[in-house]
Amino acid sequence: MSRLALIAGRHPSLLALLAGSLMPLAFAPFFWWPLALLLPALLLWLWQRAESGGRAFLLGWLFGLGWYGFGVYWLYNSLHDFGNAPPAVAGALTGLMILTLAGFIGA
């Protein structure tokens, strides 16, 4: 059994979160574009191994949580520094956007 299959069997949620966290590296300023092909393929593979639809949603949501959690860090700065939003409001709006967008990948 391969290492990836072993990790996916024991900790698929952690693997989905880690894969999503690496996804921003596929875009500017890093441009590691092969990740944009490999990481969604990994998510599809995890979805095929999911026991239920709810579990598949959770894996997709965790992938999106990692992706947008690391990918939209700039939104807080935009809201707080340039939009003059209080830190709590900027943090709450950024968190709400991350949770919402992650739900689209889960669905």
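For the reader, a short list of remarks on this structure follows.
- Test: residue in the range 60-73 that is at pLDDT below 95, over 16 Å from A19 (Cβ atoms) and either open to solvent by less than 30 Å² (accessible area, probe 1.4 Å) or small (G, A, S) (or both): yes
- Hits in the range 20-42 (condition: touching a residue at least 40 places away in the same chain (Cβ under 8 Å) and either among the hydrophobic types (A, V, I, L, M, F, W, C) or surrounded by fewer than 21 Cβ atoms within 10 Å (Cβ to Cβ) (or both)): S21, L22, M23, P24, F27
- Positions within the range 1-24 being over 12 Å from the mean Cα position of the chain (by Cα) and aliphatic (A, V, I, L, M), in sequence order: M1, L4, A5, L6, I7, A8
- Residue count for the range 57-84, restricted to those that are among the aliphatic types (A, V, I, L, M), in a helix (DSSP H, G or I) and in contact (Cβ under 8 Å) with a residue 24 or more places away in the chain: 4.
- Candidates A41, A16: the one that is over 24 Å from M97 (Cβ atoms) and not in a loop (DSSP other than H, G, I, E, B) is A41.
- Condition check for L46: under 13 Å from the mean Cα position of the chain (by Cα) and under 18 Å from G9 (Cβ atoms): no
- The one condition in (1) at pLDDT 95 or above; (2) not in a helix (DSSP H, G or I) that E51 fails to fulfil: (1)
The values are calculated or read from the model by the stated rules, or taken from the named source; none is laboratory data. Just so it is clear, the structure is predicted and the values come from calculations on it, not from any experiment. We place every Cβ from the backbone using ideal geometry, glycine too, and count neighbours over all the protein chains shown. Protein only, heavy atoms only, side chains kept; ligands, DNA and RNA dropped before computing areas. Shrake-Rupley method; radii C 1.70, N 1.55, O 1.52, S 1.80 Å.
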